[in-house]
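Everything on this sheet refers to the single structure shown next.
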Amino acid sequence: MPDKPETPPPEAEVAPRRSLWSRLFGKKQGADVAPPVAPQPRETAAEILAKTELPDREVTLDDISIYNLGIDWNALLELGIAINELQAVPLETFDIRRQFAQALSPELYGVIPLVSSAIANHYNEEIPFITPNEEESRALKPVLEVFYQLLGRISLNWQSKFGKFVEKEVADVIERTALSVCNVLDGLGQIKRPKEQFVPEVARMYRTVAKPRYEEVESPVEDILDDISDIAEGFASSLSSLFSEEEEEEPQPRRIRKVEVPIEEKIRRLLDQMETAKWQGKSKLFKPDLYPLIIWALRTSKFPPSGLDDDQASIAGSEMMTGIERFLRQQFVRDIPTAPLPSKGFDLFDPDSWDGDFMRGMAETFAPERLNAVKRALPDILTQVKAVLPENGPQVVQAVQTLAENILILSKKGHSGKEIAKALLARK
């Protein structure tokens, strides 16, 4: 009996291929409807906080004002205003209340306890660093949720990867924010009396820069005369060599003279030393045992700024030193030298000044008001810096640690991020 031909299996029905537009904005169909098996979501930040053991103390919203930290925030505002005296384009004044309000949108109020947990964890490892889960991370920015839903219409795999990426990025941002605060505090905690130490360090730096220094240089005028004489002698010797045997001459040493380093060059070198200390925590001038406060201030404020032109800034070197001298005398520091005079500026119509500093001459001619502004503003800037500095560095570190713990305690009790944000900026 002949074999029956095998019946081919029925072909699987293939769903029609849908365009990207229909997948993004059309109705879900077929396989798109069946969601994959989702992993169990991680605990929320509130659930983690509810299980966290915190210090057992009574805390109210009045206890978390930043005005309890021992820092003069009004002086910080005045410092911003004083710095603007030197700015062609005014800076944002250091109004902590306005900047904090602008930085935090209502969606970000919930980040405050999370950053606080990272700060508290830095000083007490028994308190965990709490981060939001994937859903909470997307909720911080509504646009992230919209993008997340659109990706789900294209590829569930892409959607899952994007969700995990957002969760990790939010955690990294929170950690970096807390770490930047802790880095500032860790340096400040090493300085017992910042306000008391400021004036002596500034005076030590001033004396170092103001001290006369001399360097050996070749005398350019005498060298030119020597060159002319050498040419004349060479011409004469070439004529005489036609009638006599050539004699080898010994080379004459160059004329060297000592000159005082101008104040503009000293300030340029000072700014270079500050740049090194800003990144390395020390330099040839700024040694940690002599200038711990100034080094901390340079690293915290990122001064000198990256766009500062040392050559241009040093043109006002004499005015900078005059401003520092005035500040020190206002602080009753008497054993200091008078600020060095500026280099002689170049003046086209004064032959005696033709060996002077060209850029200094340009500044004196076209921007004398900018030079005067340095002398006028610098004493006020230094006065406000001193006012901002706390009396006791370690106490401020302890106060910030307590503040971070208190925020967690209040959040655990059920206070909203909005209430906490408002209480942080409440004046006493």
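What accessible surface, in Å², does a 1.4 Å probe find on Tyr206, ignoring ligands, DNA and RNA and rounding to the nearest 10?
0
Go through 131-139, 169-177 and give me the packing order, highest mean Cβ count within 10 Å leading. Could you put the intermediate results ahead of the total?
On the way: 131-139: 19.7, 169-177: 15.8.
Most protected by this proxy first, the peptides run 131-139, 169-177.
Lys and Arg at +1, Asp and Glu at -1: add these up for the other residues within a Cβ distance under 12 Å of Val261 and post the number. Display every interim value, and only then the final one.
Working: positive: Lys211, Arg213, Lys258, Lys266, Arg268, Arg269; negative: Glu215, Glu216, Glu260, Glu264, Glu265.
That works out to +1.
Looking at this model, which pairs from Lys258/Lys282; Lys211/Lys258; Lys192/Lys287 are more than 23 angstrom apart at the alpha-carbon? List each step's numbers first, then the result.
Values: Lys258/Lys282 30 Å; Lys211/Lys258 16 Å; Lys192/Lys287 18 Å.
Exceeds cut-off: Lys258/Lys282.
How much accessible area does Val259 have with a 1.4 Å probe, in Å² rounded to the nearest 10?
Counting only protein heavy atoms, the figure is 40 Å².
For region 364-412, what class follows from the C-alpha gyration tensor (a ≥ b ≥ c being the square roots of its eigenvalues): rounded when a/c is under 1.5, otherwise prolate if a/b is larger than b/c, else oblate?
The shape class here is prolate.
Which net charge results when you count Lys and Arg as +1 and Asp and Glu as -1 among the other residues whose beta-carbon is under 15 Å from that of Lys192?
-3
Show Lys287, Lys195 ordered by accessible area, largest first, where the area counts protein heavy atoms only and the probe is 1.4 Å.
Numbers: Lys287 90, Lys195 40 Å².
My answer, sorted largest first, is Lys287, Lys195.
The values are calculated or read from the model by the stated rules, or taken from the named source; none is laboratory data. Remember, it's a predicted structure, so these values are computed and weren't measured experimentally. When we count neighbours, we look across all protein chains shown, and the Cβ atoms used for this are built from the backbone with ideal geometry, even at glycine. We work out accessible area using only protein heavy atoms, side chains counted, and drop any ligands, DNA or RNA first. Shrake-Rupley method; radii C 1.70, N 1.55, O 1.52, S 1.80 Å.
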